[in-house]
Amino acid sequence: MSHFAVVAPALYSHAKALEALAVCLVARGHRVTFVHQVDAKALIQEPSIGFFAVGHATHPQGRQARTLSRLASPSGLGLFAMIRDLAETTDMLCRELPAAFQTLSIDGVIADQMEPAGALVAEGLNLPFVSVACALPVNREPHLPLPVMPFRYAESERAQGMYATSERIYDRLMGRHVQVVERHARAFGLTPRRALHECLSTLAQISQTPLAFDFPREALPDTFHAVGPLRLPNAGASHRRLAELPLPERFVFASLGTLQGHRFHLFEKIARACRRQGKALLIAHCGKLSEAQEAALVRAGATAAVDFVDQREALARAQAVITHGGLNTVVDAIDTATPMLVVPLAFDQPGVAARVLHHGLGERAFAFSRSATLARKLARLEAPDYGERLTALQAPLRLAGGAKRAAVIVEQALTTHRPVITESPHETP
């Protein structure tokens, strides 16, 4: 039995994906412990998984609330405050993880691509590690836009110039985080590195993004494994059941994820758009709205507004989904062949929306769009083409293997210390 550490952002969607992977590893006889600030413990609910708190001096109980507030509104001055928080967390983890790994007798590390500390510390301590992309992969290729950019795929000289310029701007904005990565890479005696894509494993890289959904890739390493969604079989079982709600057989499902569920006015526009189209609407706000706000959304046109529902059950019955473009929701929509109206709000959501458009799986709108615009785009989703294209992506997604296959890859990489090469034909870039 080996003991693996998980290092990831203290965010619900990342924690749930990696929790599913951890459960599969535990089932294979290993021990798994998440290591992060104390607030992250609440995200890990499976009793078979351990948690070890670090950073008590700089990241005490309650600090994550400030970070989540900034992540929920990453614009203007808030953007720089958010980047500062990310840099401070990476710095803390780079300082604290070596002692934690020693105390826990860690044999290998599962490092989320979005938190470079796991990779830096593992490499610095000569521990094997694998990288996991819970969001769009950060692997860079010169002909592709960064995943945080809203650009559609194009091969023109103008598009390529736009991609390169936006990449330089992004790296400059991330300067504070870049400095932390550079400093700790030097301190650990590693080769120079500055950004997330320079902190990826050479043993195995695991991604939730189906390659058939991504833009055309030409330079993925042969250790890159697109395994599809990392989900527990009973995910959503504790949430509200649809049978408890006054819903017709078919309806529109709207969710803006766990960070953006507070956007009452956007939900209100969505409700009015559905009323214009005469469509039933189920809103899941992930616990971010009050009962009074739920009632107001029903008055605006929603059939029901609740905190959480079983998302896969909702998507299986939905005629369309209105989403912020979180990768988990979009991949689940592909699996259920549910056409999407994507309203990207932050992070890699613009990139996810661009891929939805590229593959003809839905429509895109913006947070400032009027309800009439949302209604028109929602009506377009009734065209059968969307369902046909979604259905075509289901087979490779379901063959990808998910959390069970990811666990086999992690086990092989971290116990043999050797690269795990992609073998499945459908994974070939």
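From the list 127, 146, exactly one residue is in the same structural domain as residue 189 (by TED's automatic domain parsing) and either basic (Lys, Arg) or farther than 30 Å from residue 416 by Cα (or both). Which is it?
146
Any chance you could count how many residues in the stretch 355-369 are closer than 17 Å to residue 254 by Cα and of a type outside the set (Phe, Trp, Tyr)? Summing the residues that are closer than 17 Å to residue 254 by Cα and of a type outside the set (Phe, Trp, Tyr) in the stretch 355-369 gives 8. Every test in (1) touching a helix residue (DSSP H, G or I) at 6+ places or on another chain (Cβ under 8 Å); (2) without any contact (Cβ under 8 Å) to a residue 60 or more places away in the chain is passed by residue 323 save one, and that test is (2).
The residues on offer are 70, 84, and the sole one that is part of a helix (DSSP H, G or I), in contact (Cβ under 8 Å) with a residue 40 or more places away in the chain and not β-branched (Val, Ile, Thr) is 84. Sub-9 Å Cβ pairs linking a first residue in the stretch 158-178 that is in a helix (DSSP H, G or I) to a second residue that is among the hydroxyl-bearing types (Ser, Thr, Tyr), at least 6 apart or interchain, are 159/153; 177/90, ordered by first then second residue.
Do the conditions hold for residue 186, that is, is it over 20 Å from residue 321 (Cβ atoms), without any contact (Cβ under 8 Å) to a residue 60 or more places away in the chain and either of a type in the set (Lys, Arg) or surrounded by 18 or more Cβ atoms within 10 Å (Cβ to Cβ) (or both)?
The answer is yes for residue 186.
Which of (1) part of a helix (DSSP H, G or I); (2) surrounded by fewer than 16 Cβ atoms within 10 Å (Cβ to Cβ); (3) modelled with pLDDT of 95 or more does residue 243 not meet, given it meets every other one? With respect to (1) part of a helix (DSSP H, G or I); (2) surrounded by fewer than 16 Cβ atoms within 10 Å (Cβ to Cβ); (3) modelled with pLDDT of 95 or more, residue 243 is out only on (3).
Residues that are at pLDDT 95 or above, polar (S, T, N, Q) and over 19 Å from residue 117 (Cα atoms) within the stretch 43-60 comprise just one, 48. Checking every residue in the stretch 179-193 against the condition of being under 19 Å from the mean Cα position of the chain (by Cα), in a loop (DSSP other than H, G, I, E, B) and not hydroxyl-bearing (Ser, Thr, Tyr) gives zero matches. When the stretch 267-288 is filtered for residues that are more than 20 Å from residue 319 (Cβ to Cβ) and either polar (S, T, N, Q) or outside any loop (DSSP other than H, G, I, E, B) (or both), only 268 remains.
Specify the residue that is nearest to residue 12 (Cα to Cα); the eligible residues are those in the stretch 298-337 that are part of a helix (DSSP H, G or I) and of a type in the set (Val, Ile, Thr). Only one residue tops the list, namely 329. The condition of being touching an Asp or Glu at 6+ places or on another chain (Cβ under 9 Å), at negative phi, touching a residue at least 40 places away in the same chain (Cβ under 8 Å) and not assigned by TED's automatic domain parsing to the domain that holds residue 143 holds for only one of 317, 263, 250, that being 317. Just one of the numbered conditions (1) crowded, with 17+ Cβ neighbours inside 10 Å; (2) at pLDDT below 95; (3) among the charged types (D, E, K, R); (4) outside the structural domain of residue 332 (by TED's automatic domain parsing) is not true of residue 218: (1). Please enumerate the residues belonging to the stretch 27-45 that are in a helix (DSSP H, G or I) and within 17 Å of residue 401 (Cα to Cα). Hit for the stretch 27-45 is 27, nothing else.
Here is a yes/no grid of residues against (1) at positive phi; (2) among the hydrophobic types (A, V, I, L, M, F, W, C); (3) in a loop (DSSP other than H, G, I, E, B):
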| position | (1), (2), (3) |
| --- | --- |
| 9 | no, no, yes |
| 20 | no, yes, no |
| 52 | no, yes, no |
| 60 | no, no, yes |
| 66 | no, no, no |
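Of 373, 416, 422, 329, all but one fail to be within 25 Å of residue 317 (Cβ to Cβ) and β-branched (Val, Ile, Thr); the exception is 329.
Quick check on residue 32: is it among the β-branched types (Val, Ile, Thr) and under 23 Å from residue 91 (Cβ atoms)? If you could, list the steps in order and put the result at the bottom.
Values: among the β-branched types (Val, Ile, Thr): yes; under 23 Å from residue 91 (Cβ atoms): no.
It is false that residue 32 is among the β-branched types (Val, Ile, Thr) and under 23 Å from residue 91 (Cβ atoms).
Could you go through the stretch 122-143 and let me know if any residue there is touching a helix residue (DSSP H, G or I) at 6+ places or on another chain (Cβ under 6 Å) and assigned to a helix (DSSP H, G or I). Scanning the stretch 122-143, I find no residue that is touching a helix residue (DSSP H, G or I) at 6+ places or on another chain (Cβ under 6 Å) and assigned to a helix (DSSP H, G or I), so the answer is no. Checking the structure you have, find out if any residue of the stretch 90-104 is over 17 Å from residue 407 (Cα atoms), buried (at least 18 other Cβ atoms within 10 Å of the Cβ) and either touching a Leu at 6+ places or on another chain (Cβ under 8 Å) or aromatic (Phe, Trp, Tyr) (or both). Looking through the stretch 90-104, at least one residue is over 17 Å from residue 407 (Cα atoms), buried (at least 18 other Cβ atoms within 10 Å of the Cβ) and either touching a Leu at 6+ places or on another chain (Cβ under 8 Å) or aromatic (Phe, Trp, Tyr) (or both). Taken over the stretch 272-291, the criterion of being more than 16 Å from residue 307 (Cα to Cα) and in contact with a Leu (Cβ under 9 Å, 6 or more places away or on another chain) is satisfied by 272, 273, 274, 275, 276, 277, 279, 280.
The residues of the stretch 153-183 that are loosely packed, with under 12 Cβ neighbours inside 10 Å and over 30 Å from residue 123 (Cβ atoms), listed by number, are 155, 156, 157, 158, 161, 165.
The values are calculated or read from the model by the stated rules, or taken from the named source; none is laboratory data. Quick caveat, the model's predicted, so the values are computed rather than measured. Please note: Cβ atoms are built from the backbone with ideal geometry, for glycine as well, and neighbour counts cover all protein chains shown.
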